[in-house]
Amino acid sequence: MRIEAPSLPAPQTHAAAYARPALSVVVPAYNEQEVLPAFHARLVPVMQGIGLPWEVVYVNDGSRDGTLALMLGLRAQDARVSVVNLSRNFGKEIALTAGLDHAAAEQAVVVIDADLQDPPEVIPDLVAAWRQGYDVAYARRRAREGETWLKKATAAGFYRVMKRIGGKVELPADTGDFRLMSRRALDALLALREQHRFMKGLFAWVGFPSVPVLYDRAPRAAGETKWNYWKLWNLSLEGITAFTVGPLKIATYLGLFTAFGAVIYGVQLIIRTILFGNPVAGYPSLMAVVLFLGGVQLMTLGIIGEYLGRIFNETKRRPLYIVERHVPSEMAPKAGPG
Ligand code: UDP
Ligand code: MG
């Protein structure tokens, strides 16, 4: 059976009379009313300094505060602003994808968080790396200010685990979504329409010549982080299940291991019974073995379930997101006739 490619929400293209921007900056935002104006105020001079026509695509990911109104206000003042309003909160990974789908840039896109943790002042460095011929310039954190040691340690552990099991796809450490991608790298990325979007992994999967650009990650300027340990755990699960079937093999090896142990134990029991008779003993050890095996079985069922659930979600082939409204940016009219 042939499976049709999922129909993408057609990104709105700019009317022919308008030039397309060379660069798009894509900013997903969820409840960011405290920082959005400050973000835009810092972004504009930085982008103007680069000297290429640009736009910024703000994606409102179903915010419950005044984020959308602020975005539309920015659009009213500044025609280089494009606003994509999603019908509800879809989560950062999908909001980011929506923004990338709607980026009009001819040459490259920059992905950046709205909370000023990714300083816009790094963008010229990313652009410089891209001008040297790299398709992907990803910002690598030099220091993590304002983050607890526990968060740093868990993040480090996560990268280590991913490195072990990730196989051929190598995740660069200390790297978030903050990066620049050439148009061809972006087009390759946008061809991946899976529901479970572990963006760091997808970026890495696409490949192309890439280079890190070091920067200092600032603490959040204002507003609240949507990050917590439960989310990190789930993100790790997404990362692992999206890029390796390794955990599925755990059951095989645990099974082999226990079966082997059981045979040795059985042989030892027989020999002991022959030599010393059969005093009935061992209720505690029996319970321990039963509970252990029950736990192992439930755990491996759970692992299978994680994969099965993802297969279920993918087979539904739903669109990744629904756009409530899109106000595209407007570049200066093209010079010349027409
Ligand atoms: N974000 C989003 N949808 C969400 C959660 C977050 O678009 O459901 C945006 C958020 O507004 C910010 C970026 O994703 O621009 C990173 O979010 P956050 O700062 O909470 O994550 P952290 O930097 O702590 O990893
Ligand atoms: Mg943040």
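Read the figures in this text as sums done on the coordinates, not as results from a lab. The shown structure was predicted, so the numbers you read here are calculated from the model rather than taken from an experiment. Don't worry about glycine lacking a Cβ; one is built from the backbone with ideal geometry, like all the others, and counts go over all protein chains shown.
Brief remarks follow.
- Restricting attention to segment 59-78, the residues being within 16 Å of ligand 2 (Cβ to nearest atom) and closer than 29 Å to Arg131 by Cα number 1.
- Residue match in segment 57-66 (condition: buried (at least 23 other Cβ atoms within 10 Å of the Cβ), within 11 Å of ligand 1 (Cβ to nearest atom) and in a loop (DSSP other than H, G, I, E, B)): yes
- Only residues that are within 17 Å of Pro28 (Cα to Cα) and either within 11 Å of the chain's Cα centre (by Cα) or surrounded by fewer than 19 Cβ atoms within 10 Å (Cβ to Cβ) (or both) were counted in segment 179-201, giving 5.
- Residues of segment 233-281 that turn out to be basic (Lys, Arg) and touching a residue at least 40 places away in the same chain (Cβ under 8 Å), as a count: 0
- Scanning segment 34-53 for residues that are more than 14 Å from Pro120 (Cα to Cα) and touching a Pro at 6+ places or on another chain (Cβ under 6 Å) yields one hit, Pro53.
- Where a residue in segment 291-311 is on the phi < 0 side of the Ramachandran plot and basic (Lys, Arg) and its partner, wherever it lies, is part of a helix (DSSP H, G or I) and surrounded by 12 or more Cβ atoms within 10 Å (Cβ to Cβ), with Cβ under 6 Å and at least six apart: Arg310/Thr241
- Among the residues of segment 17-57, those identified as of a type in the set (Phe, Trp, Tyr) and within 16 Å of ligand 2 (Cβ to nearest atom) are Tyr30, Phe39.
- Subset of segment 114-141 (residues that are more than 15 Å from ligand 2 (Cβ to nearest atom), in a helix (DSSP H, G or I) and in contact with a strand residue (DSSP E or B) (Cβ under 7 Å, 6 or more places away or on another chain)): Ile123, Asp125, Leu126, Val127, Ala129, Trp130
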